[in-house]
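Peer 1: Take a look at the following structure, please.
The values are calculated or read from the model by the stated rules, or taken from the named source; none is laboratory data. Predicted model, so just to flag it, every value in this text is computed and none were measured. Here Cβ is always computed from backbone atoms with ideal geometry, including for glycine, and neighbour counts include all displayed protein chains. Accessible surface areas use protein heavy atoms only, side chains included; no ligands, DNA or RNA. Shrake-Rupley method; radii C 1.70, N 1.55, O 1.52, S 1.80 Å.
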Amino acid sequence: MNRRSVQVKAILSMGILVGLGGVSTLAAWTGTATATSSITAAKVSLGVGATASSATSESYTVPVSSVSWYPKASAAAVVVVKNTGTVALPYSVKGSITESGGVELGKAMQVLVKTGSTVSGTAPNAICSGGNTVVDKSAGSAFGAAVDVSTLAVGTSESLCVQYSLPVNAANNLQGATTKLDLVFTGTVGS
């Protein structure tokens with residue numbers, strides 16, 4: 001092999017390497033697009049109070065503790081439930097009793113919760129007049145299961161009348177007893 005042919009082969013070999021290198025450095029053309037979603041979860045929240053403007057808290061004490069309870073006494077008050085969340089909210093109510101001192105005053109009480117009702121009279125002779133009963137806890141029994149009340153649109157409220165009564169045949173051992181009666185309003189979406 002002569003020197004000239006070696007040089008030609010060397011130059012041709014370099015051309016092949018340069019050609020292969022050139023192929024690997026070619027740029028590909030691309031295009032992109034992005035679809036973005038910003039998501040905010042709804043807020044489920046109820047407030048309770050004496051009026052629609054004050055129904056922003058999660059708890060409210062119904063103003064009946066100052067009544068001196070005796071057989072046939074009754075007291076009633078309005079409780080406003082308000083949707084303070086960001087989505088329409090169906091809600092329910094369930095009652096519970098916490099007795100004190102081993103005497104069942106709460107169980108002995110009758111409790112009514114009504115929609116579309118107003119308070120008539122004053123304690124110890126106040127009642128909820130008219131409307132539709134959604135909770136009726138009879139004297140001598142515990143509260144039943146949760147009851148669906150209605151659906152509140154965002155920012156709207158509903159007035160409920162709550163009536164507590166001690167029946168005329170209340171037992172003598174209830175004198176001086178104390179109890180705690182809770183009405184728990186629960187809003188649920190997505191179930």
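Peer 1: When residues of the stretch 71-102 are filtered for being more than 19 Å from residue 186 (Cα to Cα) and hydrophobic (A, V, I, L, M, F, W, C), how many remain?
Peer 2: The total comes to 4.
Peer 1: In the list 135, 154, which residue meets the criterion of being modelled with pLDDT of 95 or more and buried (at least 18 other Cβ atoms within 10 Å of the Cβ)?
Peer 2: Unique residue meeting the criteria: 135.
Peer 1: Is it the case that residue 168 is surrounded by 13 or more Cβ atoms within 10 Å (Cβ to Cβ) and either touching a helix residue (DSSP H, G or I) at 6+ places or on another chain (Cβ under 6 Å) or in a loop (DSSP other than H, G, I, E, B) (or both)?
Peer 2: no
Peer 1: Still on this structure, I have one more. Of all the residues that make up the stretch 138-151, how many are assigned to a strand (DSSP E or B) and open to solvent by less than 40 Å² (accessible area, probe 1.4 Å)?
Peer 2: 2
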